[in-house]
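The values are calculated or read from the model by the stated rules, or taken from the named source; none is laboratory data. None of these values were measured; they are calculated from a predicted model. Heads up, the Cβs are rebuilt from the backbone with ideal geometry, glycines too, and the neighbour counts pull from every protein chain shown. We work out accessible area using only protein heavy atoms, side chains counted, and drop any ligands, DNA or RNA first. Shrake-Rupley method; radii C 1.70, N 1.55, O 1.52, S 1.80 Å.
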Amino acid sequence: MSDIHESNMETSCIEDNDKKIEGTQLLPSSLNKELLESEEFIRDRDLCMKYFENWCEGQQVVFVEHLLSRMCHYQHGQINAFLKPMLQRDFISALPAKGLDHIAENILAYLDAKSLCAAELVCKEWYRVISEGNLWKKLIERKVHTDSLWKGLSERRSWDQYLFKQRHGDTSKDHKFYRNLYPQIIEDIDRIENNWRTGRHQLQRIHCLSETSKGVYCLQYDDHKIISGLRDNTIKIWNRHTLECIQVLTGHTGSVLCLQYDENIIISGSSDSTVRVWDVHSGEMMNTLIHHCEAVLHLRFCDGIMVTCSKDRSIAVWDMQSPTEINLRRVLVGHRAAVNVVDFDEKYIVSASGDRTIKVWNTSTCEFVRTLNGHKRGIACLQYRERLVVSGSSDNTIRLWDIECGACLRVLEGHEELVRCIRFDSKRIVSGAYDGKIKVWDLQAALDPRAPAATLCLRTLVEHSGRVFRLQFDEFQIVSSSHDDTILIWDFLNVPVPEGQRSPPRSYTYVTK
């Protein structure tokens, strides 16, 4: 009997729910309309509203939650349909209506290019906010501020004149100019990256024409000049645009093996065992430092500190008060052969030697920290930045190291002779060797242990007819020097595009007004 009773109860509940649902589905009917407009319903509804309005917000919320908990699923659906449009607000369109255009612009200014394209299509009001706020211009300016490739390209392509605060009298460009400029910039960047990967470049050559002995041991460059140290004991300064020699600095009595300059001075080291300081503008010799007892093989200076290293197996740390006041702070001894290269930042000094080791020293205390072991023969070059050290050796290999733990992260093989010079940035490593070749490596792939070794070397560049002694590079070019007495400029930006190889323009959706 109890089973029958329970069954009847379940059936009754189901029927009651069905009737309730069926009743709600009949809301538009005349019967329900009569119920909703009845005097009794209106009186009770108004009484409930008076109570409701006298409660605080918290009480109102609790009351509504109780009401909702007593409604069926279908009623919840109707409530949800009623609430949805109330909760959805087009704040970008609403802000300008309240005179707050600048807030709408600031919000949309955080979008990247793809999102900005999509935002233009939302409605005419969004498009107006984007165009009148010049948000494509602001996006380009943000890229130029944060990315060295964009900054360099803006200067070389001369569209930097249309950014930021323009000079008085300059004609300002409208929204469409920047809207059209963005995909052109992206196409330019894609072309540069493709030129690096395929090795397509335009080559410029400086013949140094040394009178006595041939060879360019070191160099540094900027947009206006190239400063080189030669085997004939001179420092030669070249005009970056005409490639003509504009100044020769004489004073060293041996080959100029290393140099570095800033906006005020050039500092050079020589096989004559001296370090000399020159005025970068006049070429006047300002100071001569005599400390090392054999050839000064490399030097670096930054933020009032200079580090030099020598064939005499020592490293000297100097305090630079001024070009004429440079004082020896500490001599670091530990290598068992010539110290070929040094690099440093505010945390570590890193040195590499013919003894096959890399040593790490504390910059502030000059105390020894650790040794990096792995190369099979002497180390000729290295660069250090953040946690990464990249070194090249006469074992013909390049090694990547984590300076904090001393681990070798990767070995790059490909050069056939001693790796003499190496530089890296966030994307690539560029190396030069005694085999006369320059190799471009994919840095990010090299740091990925899963990347196959065969994929790491992107391109091998062969133009020098002698050993490659030194190179530097940026996003657009490599500048290298060699035993063949030449300086080569490998330009990856200004490369003519063959007619049949033009890439299709990027597709960006436009809104037609």
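Scanning the stretch 485-498 for residues that are crowded, with 20+ Cβ neighbours inside 10 Å, part of a loop (DSSP other than H, G, I, E, B) and out of contact with any Cys (no Cβ under 8 Å at 6 or more places or on another chain) yields a single hit, 492.
Is it fair to say residue 399 is outside any strand (DSSP E or B), modelled with pLDDT of 95 or more and among the charged types (D, E, K, R)? No: the conditions fail for residue 399. Given the condition under 30 Å from residue 127 (Cβ atoms), open to solvent by 80 Å² or more (accessible area, probe 1.4 Å) and modelled with pLDDT under 80, answer yes or no: does some residue in the stretch 24-45 qualify? No: zero hits.
When only residues in the stretch 97-139 that are aliphatic (A, V, I, L, M) and open to solvent by 40 Å² or more (accessible area, probe 1.4 Å) count, which is farthest from the chain's Cα centre (by Cα)? Let's see the steps before the verdict.
Taking the stretch 97-139 as the starting set, the residues that turn out to be aliphatic (A, V, I, L, M) are 97, 100, 103-104, 107-109, 111, 113, 116, 118-119, 121-122, 129-130, 135, 139.
Imposing the further condition that a residue be open to solvent by 40 Å² or more (accessible area, probe 1.4 Å) reduces the set to 97, 100, 103, 107, 111, 118, 121-122.
Details: 97: 39, 100: 34, 103: 29, 107: 24, 111: 18, 118: 25, 121: 30, 122: 32 Å.
Among them, the one singled out is 97.
Against the condition more than 18 Å from residue 489 (Cβ to Cβ), under 23 Å from the mean Cα position of the chain (by Cα) and at pLDDT 95 or above, how does residue 192 come out, does it pass? No.
Screening the stretch 36-114 for helices (runs of 4 or more DSSP H) wholly inside it with 1 or more residues that are in contact (Cβ under 8 Å) with a residue 40 or more places away in the chain returns the ranges 73-87. Residue 131 meets each of the listed conditions (1) touching a His at 6+ places or on another chain (Cβ under 6 Å); (2) modelled with pLDDT of 95 or more apart from (2). The numbered conditions (1) in a helix (DSSP H, G or I); (2) under 30 Å from residue 182 (Cα atoms); (3) touching a helix residue (DSSP H, G or I) at 6+ places or on another chain (Cβ under 7 Å) are all true for residue 117 except (3).
Okay, residues lined up against (1) assigned to a strand (DSSP E or B); (2) within 22 Å of residue 452 (Cα to Cα); (3) modelled with pLDDT under 95:
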| residue | (1), (2), (3) |
| --- | --- |
| 349 | yes, no, no |
| 360 | yes, no, no |
| 366 | no, no, no |
| 390 | yes, yes, no |
| 421 | yes, no, no |
| 431 | yes, yes, no |
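Here's the yes/no breakdown for (1) in contact with a Gly (Cβ under 7 Å, 6 or more places away or on another chain); (2) assigned to a strand (DSSP E or B); (3) crowded, with 19+ Cβ neighbours inside 10 Å:
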{"site": "253", "(1), (2), (3)": "no, no, no"}
{"site": "277", "(1), (2), (3)": "no, yes, yes"}
{"site": "301", "(1), (2), (3)": "no, yes, yes"}
{"site": "308", "(1), (2), (3)": "yes, yes, yes"}
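Do we find that residue 61 is modelled with pLDDT under 90 and on the phi < 0 side of the Ramachandran plot in this structure? So residue 61 does not fit the description; no. Residues in the stretch 208-222 that are farther than 17 Å from residue 465 by Cβ and at pLDDT below 95: 211, 212. Consider the stretch 214-231 and keep the residues that are farther than 17 Å from residue 267 by Cα and out of contact with any Leu (no Cβ under 8 Å at 6 or more places or on another chain). The one that is surrounded by the fewest Cβ atoms within 10 Å (Cβ to Cβ) is 224. The selection criterion, being at pLDDT below 95, out of contact with any Asp or Glu (no Cβ under 6 Å at 6 or more places or on another chain), assigned to a loop (DSSP other than H, G, I, E, B) and not β-branched (Val, Ile, Thr), does not hold for residue 200.
Within the set 170, 160, the sole residue that is charged (D, E, K, R), farther than 19 Å from residue 466 by Cβ, modelled with pLDDT under 95 and part of a helix (DSSP H, G or I) turns out to be 160. If I ask for residues that are open to solvent by 10 Å² or more (accessible area, probe 1.4 Å) and either polar (S, T, N, Q) or closer than 19 Å to residue 313 by Cα (or both), which ones from the stretch 383-408 would you list? Matches in the stretch 383-408: 383, 394, 396, 397.
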